[in-house]
Amino acid sequence: MSRQNFSEALNWATASATAVANNASEALLIPLQTIYGNYLADGRVLRLRLMGGYGTTATPTLTMAVRWGGLAGTVLAKSFAITTTSAVGGGASMTAYWEAELFIQTRVNGSSGSLFTGGDVTLYTSSAPTAGTTSTNYGLVVPIVSGSTGGTTPVAVTVDLTADTTLAVTVTWSAANAANSIQTHFATTESLN
């Protein structure tokens, strides 16, 4: 990774990630990504883009989070617990589409660094919209807010930026069921500056 002020790709998927299914524990949505020590200088912004498929049974909730330091690391940002549509996407066949875009900005670098994270996740149903229809919502957009609680006033999070650290994007289903499944098919991480 360079120290220049230009956009560059840091990480990208070359295959679909392992599906998170039949699991009510927090799990990795994409493989861990290493961010090198001192890479996040003041003002540097990372953008993560994720897309994939999901399916449900009943109406489970789904929570997405971004963590600094792996699956058990510090929560940088978190979504609300999203109540999903019942039996969307053919369950375990994951035919409904979802996408997320996240931004991580360095407010202060160093051993007591400060990161501010935000973005959103959009979950679509597997039903095709009808042209000219305005009353039916075929997608649910939920914010992913900086801080550890999700959906509250955004706050910057203090972490050590001087050591190589893994960045994790996670999901948690409220109920373990084989039909409650989500998978990432496309993922990129890029530095915008």
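Read-outs: derived from the displayed coordinates by stated rules, not from any lab. Just so you know, these numbers come straight off a predicted model, no measurement behind them. No Cβ is skipped: glycine too gets one built from the backbone with ideal geometry, and neighbour counts run over all protein chains shown.
Highest mean first, what order results for 173-184, 156-167 on Cβ atoms within 10 Å?
173-184, 156-167
Rounded to the nearest angstrom and ordered from largest down, what semi-axes does the equivalent ellipsoid of the stretch 43-82 get from its C-alpha gyration tensor (root of 5λ)?
24, 14, 9
If each residue's Cβ is checked for other Cβ atoms within 10 Å, how do Thr117, Thr189 rank with the fewest at the top?
Details: Thr117 24, Thr189 21.
Least to most surrounded, the residues fall as Thr189, Thr117.
Quote to one decimal, in nm, the extra length available between Tyr36 and Glu101 on full extension: 0.36 nm per residue of separation minus the C-alpha distance between them.
Extra length available between Tyr36 and Glu101 comes to 21.2 nm.
Could you give me the radius of gyration and the Dmax of the chain, taking only the C-alpha atoms into account and expressing both in angstrom?
Gyration radius and largest Cα-Cα distance of the chain: 16.9, 53 Å.
If you take the Cα Rg of the stretch 1-111 and divide it by 2.2 N^0.38 Å, with N the number of residues, what do you get?
Compactness ratio reported: 1.23.
Taking the Cβ of Ser146 as the center, what net charge do the other residues with Cβ under 11 Å away carry, scoring Lys and Arg +1 and Asp and Glu -1?
On the way: positive: Lys78, Arg107; negative: none.
Net local charge, Ser146 excluded: +2.
If you keep only loop residues by DSSP, which chymotrypsin sites (Phe, Trp or Tyr not before Pro) in the stretch 4-52 have at most 10 other Cβ atoms within 10 Å of their Cβ?
Loop-located and lightly packed - Phe6.
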